[in-house]
Amino acid sequence: MKLKYGKFRIGEGIIKFIRIMRSEGSRSALARTFGLLSKKINSSVVVMESKKDVAGFFRAVYSPEYCNQANPILRVSLDFSADVDILWFIPDFGAGSGGHLNIIRFVSGLEKLGMRSAIVIVGGHSHANHGEAKAKLDKYFGETSSLIYFEEDLLPKVNKIIATSWITAHFAKHYSSSELDRYYFVQDYEPLFYPAGFDAIAAAVTYSLGFQSICAGSWIVEELKQRHGVKALGYFGFSYDKEIYKRVPKRDNVERVFFYVRPPTARRGFELGLLALDLVGRLRPGVNFIFAGWDVSDYRFDHIHLNAGVLHTSELPDLYSQCDVALILSFSNMSLLPYEVMACGCAVVTNNDACATWGLNKEVAEFAAATPEALAQAIIRLLEDKDARAKRVEIARKFVEETCWDREIGKVGRLLVGAGE
């Protein structure tokens, strides 16, 4: 990737609309960008639900069975499927969803272990038909052999179902079948996604619905135990795509700091990070800053910087490799980004909170208090001491190379088999 410095003056909503329109068409772009309602297309309901229809939006959350006898939330076949072992409940998706990428990674990996899956999209969707949904899922996240269902379909009867988010858990609780094992693929503590209110409450209650939780990392296990008194079935660790994230030789001696930015996602600490980097820029003039993950051209930042916006995965290894330090903040469960960045030879600074550090250690990453001053000082220390930074980068590279997705998928496979015995 050739780094070019400049700014774009297009609103974030317009950029999102154009990106979705190119990949999914104008109807889906309107629905997914602006929350509009679409009418039926072909044989399937294409609806991105609006919260203005409160009863409709939360129909699976508040759905006493005596109100739904004639029109149940889900319909399930009377006979067990001969072709499906696991039914995964997922929300609708678009290109770039990290949560869906991990779900499909495990669906595909479990298929290789002989565990056949089907997928049902619940909570509204933006697809004309099942074939279109399957084609997009394969294109965005990798191919699987899974059949695709919509919530209004007659669903296959299986022994194991897996919810993957709070809204899907509310749908999955309506799946009625004998001899059923219910699981919850918990990738984050979702009540933290919302301010205090009904969304947070509706998310929190799902951890007490009786599902057996399989968690993305040890931090969520502790959250469920401490907040809800729930013992998780187990957890898996993280890795990264070793075919993609590889170090590329740095082409110059310019000091660069990378910052993953997502202003709409409060738990990624955008404002805190920008304040920390402003201090770095003031104390160490000449440092270049690279922002990626969102278009932030409308934000003021008075130092040399590149607003890279949303990039294709193939562009990321080179970008990370041209940077010396990466600031990656998280105030809910950590993402895969620290591993991907470390694999490309860039030193990582993150906030010293259990949610952000459980998959790291102080030899491979710099932990700092979540204040502008502490984060700035951590970044500057790494920039000033090149020898110490090089040592940390090499230790981190070896650390992530020892991780393995197949091993983590195997853990989940054993949990699914063992729980059913």
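Just so it is clear, none of the values below were taken in a lab; they were calculated from the coordinates. Owing to the predicted nature of the structure, the values given are computational and were not obtained by experimental measurement. For neighbour counting, all protein chains shown are included, and Cβ atoms are generated from backbone atoms with ideal geometry for every residue, glycine included.
Provide Rg and Dmax in Å for segment 70-235, with only Cα atoms included in the calculation.
Using the Cα atoms of segment 70-235, the pair Rg, Dmax is 15.4, 44 Å.
Where q = 0.11, 0.12, 0.19 Å⁻¹, what log10 of I(q)/I(0) comes from the Debye formula for segment 314-421, counting one point per Cα?
Values returned for q = 0.11, 0.12, 0.19 Å⁻¹ are -0.39, -0.45, -0.95.
With axes computed from alpha carbons, what is the tilt in degrees of helix 12-24 against the longest principal axis of the chain, rounded to the nearest 10 within 0 to 90?
With rounding to tens, the tilt is 60 degrees.
Tell me, what HN-Hα J-couplings in whole Hz come from the Karplus equation 6.51 cos²θ - 1.76 cosθ + 1.60 at θ = phi - 60° for each residue of segment 105-113, using x for Gly and Pro?
4, 6, 4, 5, x, 5, 4, 5, 8
For the pair S314/R247, report the inter-label distance in nm, with labels modelled 7 Å from Cα in the Cβ direction.
About 2.5 nm, to one decimal.
Could you tell me the center-to-center distance, by alpha carbons, between segment 73-112 and segment 132-147 in angstrom?
If you average the Cα positions of each part, the centres end up 11 Å apart.
Measure up K51/K173; K246/K411; K51/K225; K362/K391 against 23 Å on the Cα-Cα distance and list the ones that go over. Before the final figure, lay out the partial values.
Details: K51/K173 21 Å; K246/K411 26 Å; K51/K225 31 Å; K362/K391 13 Å.
Check vs 23 Å cut-off fails for K246/K411; K51/K225.
Computed from these coordinates, which is P(r) over Cα pairs in 10 Å bins from 0, in percent: [x] 4, 20, 30, 26, 14, 5, 1, 0; [y] 4, 17, 24, 21, 14, 9, 7, 3, 0; [z] 4, 16, 26, 22, 15, 7, 3, 2, 2, 1, 1, 0, 0, 0?
[x]
So what's the angle, to the nearest 10 degrees on a 0 to 90 scale, between helix 130-141 and the longest Cα principal axis of the chain?
It works out to around 30 degrees.
Rounded to whole Å, give me the distance from the Cα center of segment 283-353 to that of segment 160-205.
The distance from the Cα centre of segment 283-353 to that of segment 160-205 comes to 32 Å.
Using helices alone, I'd like the mean residue ellipticity at 222 nm for the chain: each DSSP H run of four-plus residues gives -39500 (n - 2.57), total over residue count, nearest 500. List each step's numbers first, then the result.
On the way: 15 runs with 154 residues, N = 421.
Roughly -11000 deg cm²/dmol at 222 nm, from the helical runs in the chain.
Indicate, rounded to the nearest 5 percent, the antiparallel portion of the DSSP beta bridges found entirely in the chain.
Details: 2 of 47 bridges.
If I count the DSSP bridges inside the chain, around 5 percent turn out antiparallel.
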